[in-house]
Amino acid sequence: MANQADTMKNCLQGLRVVDLTRNLPGPFATRLLADLGADVIKIEPLNGDPARAFGELFTALNHGKETQKVDFRDPAGIETIKTHLKDVDVMLDSFRPEVLEGMGLDAKTLHAINPKLVMVSITGYGVVDGESIIHDWANKAGHDINFMAMSGVLDQLKTADGDQAMPNIQFADLAGGSDTAVITLLAAVLSAQRTGKGRHVAVSMTHSLYQHLVMPKATGKLVASFSGKNPKPEHDFLGGLLPCYRLYKTADDRHMAVGSLELKFWQGLCDVLELPELKTKHWQMGVMPNTRDSQETAQLVADTFARYGLAHWQQVFESADVCVTPVLTLEEARAHPLFAHQDEHGATLGWQ
């Protein structure tokens with residue numbers, strides 16, 4: 001029987017992509033396209049993609065792509081790129097705005113030789129139009145941590161004590177950049193197939209991340225409606241304020257993730273923890289966050305989890321369908337049966 005993920009490999013068969021991007025966001029986007037069957041030509045500068053310095057990272061992102069190197073500062077190198085672009089569907093880049101024009105690879109020039117070409121530029125802070133989009137950030141340099149900081153996302157990642165956390169996952173690069181680029185790219189390709197006209201789309205990692213703050217924006221207003229002030233991240237509705245949706249420390253200083261947001265799951269959790277008196281201590285039963293009732297409930301649950309180590313609670317909750325899971329390390333996740341089908345690059349596709 002074929003691997004379930006393999007059945008998706010022909011979805012984008014025939015889609016031809018030229019990838020001028022480097023580092024992480026663009027190459028991960030074209031990795032997703034390649035996993036779905038697209039043909040990707042990766043064109044690097046003569047000194048190579050900087051991600052090559054990370055070895056396994058470069059291989060994981062770029063295996064299966066055709067790779068070439070050209071001199072981006074030489075007119076002959078630009079002509080080589082244009083030759084590839086004459087009969088492809090998509091071009092991705094990750095340059096700052098106006099760099100393409102400086103190289104002679106702007107939309108007007110490229111659409112003259114390939115009207116159906118979809119161009120997707122992954123940018124840090126987007127572009128300006130002089131009308132509704134006005135700011136002076138378009139040409140500023142940045143990396144994932146900067147885009148997360150400016151979008152408001154980084155401030156949401158706080159410890160229980162309110163200290164700023166330093167994430168080891170590149171949310172701006174991957175969610176704001178790669179995933180958003182793929183979505184807009186495929187939408188633009190569908191349009192080009194219908195109309196015969198390509199387009200140039202600029203993806204802003206910072207603006208995409210800001211859009212991803214849909215929950216804090218909404219729940220912050222909800223908490224403010226009964227508390228009288230906007231909550232700090234660790235005191236938001238889903239940021240640890242609710243006894244039924246938070247992290248609890250175990251006896252060995254590990255954590256269990258409790259996501260028993262709905263009443264039925266909360267009551268099931270109370271049964272597992274042998275705390276039947278807490279079954280009505282839930283927000284859907286009128287026990288609002290930050291009340292004494294809610295705080296005492298959270299403390300009792302915390303005291304219960306603190307009695308035993310992670311392994312004990314893993315076993316206890318293994319057969320309980322109440323949205324409670326251990327917080328696994330990367331090594332533990334890698335060895336978990338959930339990821340037994342990962343490939344040699346440690347990747348498991350997000351679709352089956």
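Before moving on, here are some points about what is shown:
- Helical content alone sets the calculated 222 nm signal of the chain at -10500 deg cm²/dmol, taking -39,500 (n - 2.57) per DSSP H segment of four or more residues and averaging over every residue.
- Between T159 and T291, the FRET efficiency estimated from the beta carbon spacing at R0 = 25 angstrom works out to 0.60.
- Descending semi-axes in Å of the chain, equivalent ellipsoid built from Cα gyration tensor: 46, 24, 18
- Seen against the Cα atoms of the chain and their longest principal axis, helix 75-85 is set at about 70 degrees.
- For E44, distant residues with modelled amide H under 5 Å away: Q68, K69, V70
- Prolate/oblate/rounded call for the stretch 1-79, Cα gyration tensor, a/c under 1.5 rounded: oblate
- Theoretical FRET efficiency, 1/(1+(r/R0)^6), r = Cβ-Cβ of R52 and H345, R0 25 Å, to 0.05: 0.95
- Taking amide H as placed 1.01 Å from N in the peptide plane, R199 has its amide H under 5 Å from the amide H of V118, M119, each at least 5 places away in sequence or on another chain.
- Reciprocal mean inverse distance between Cα atoms of the stretch 264-352 - Kirkwood radius, Å: 15.5 Å
- Nitroxide proxy distance, nm - points 7 Å out along Cα→Cβ at D87 and D106: 2.9 nm
- Taking amide H atoms as placed 1.01 Å from N in the peptide plane, the amide H of R22 lies under 5 Å from those of S94, each 5 or more residues away in sequence or on another chain.
- If you run the Gaussian network model on the chain, springs between alpha carbon atoms under 10 Å, then out of T83, T180, T21 the most flexible one is T83.
- Cut-off 14 Å between beta-carbons: net charge of the residues surrounding M256, Lys and Arg +1, Asp and Glu -1: -1
- Filtered GluC sites (Glu not before Pro), the stretch 319-352: DSSP coil and at most 14 other beta carbons within 10 Å: E344
- Kirkwood hydrodynamic radius of the stretch 35-173, from inverse mean 1/r over distinct Cα pairs, in Å: 17.7 Å
- Between Q315 and F226, the FRET efficiency from the beta-carbon distance, with R0 = 51 Å, is close to 0.85.
- The loop-placed trypsin sites (Lys or Arg not before Pro) in the stretch 228-302, going by DSSP, that have at most 14 neighbouring Cβ atoms within 10 Å of their Cβ come out as K229.
- Modelled spin labels at E274 and L261, positioned 7 Å past Cα toward Cβ, are 3.1 nm from each other.
- Each Lys and Arg Cβ is given +1 and each Asp and Glu Cβ -1; about its Cα centre, the stretch 1-63 then shows a dipole of about 80 debye.
- Spatial offset of the stretch 77-134 relative to the stretch 309-352 amounts to 42 Å, using the alpha carbon center of each.
- Note on T109: accessible area approximately 50 square angstrom, rounded to 10, probe 1.4 Å, nucleic acids and ligands left out.
- Of N62, N146, N47, the residue with the greatest mean-square motion in the GNM of the chain, using alpha carbon springs below 10 Å, is N47.
- Straightening the chain between S132 and A218 buys 28.5 nm, computed as 0.36 nm per residue apart minus the Cα-Cα spacing.
- Inverse mean reciprocal Cα-Cα distance (Kirkwood Rh) of the stretch 122-165, Å: 12.1 Å
- Comparing L273, L338, L174 in a Gaussian network model of the chain where C-alpha atoms under 10 Å apart are linked, the largest mean-square fluctuation is found at L338.
- Accessible surface computed residue by residue for the stretch 32-167, with neighbouring protein chains in place and a 1.4 Å probe, gives 52 Å² per residue.
- Each residue of the stretch 160-174 was assigned a 3J(HN,Hα) from its phi angle through the Karplus curve 6.51 cos²θ - 1.76 cosθ + 1.60 (θ = phi - 60°); the sequence is 4, 8, x, 6, 6, 8, 10, x, 9, 10, 8, 5, 5, 4, 8 Hz, with glycine and proline shown as x.
- Net length available on complete extension from D303 to Q13 is 98.9 nm, with 0.36 nm assigned per residue and the Cα-Cα distance removed.
- When R22, R334, R73 are compared by accessible area at a 1.4 angstrom probe, the order from most to least is R73, R334, R22.
The values are calculated or read from the model by the stated rules, or taken from the named source; none is laboratory data. Fair warning: this is a prediction, and the values are worked out from it, not measured in the lab. Neighbour counts are summed over all protein chains in view; Cβ atoms, including those assigned to glycine, are modelled from backbone coordinates with ideal geometry. The area values use the complete protein model at the heavy-atom level, side chains included, leaving out ligands, DNA and RNA. Shrake-Rupley method; radii C 1.70, N 1.55, O 1.52, S 1.80 Å.
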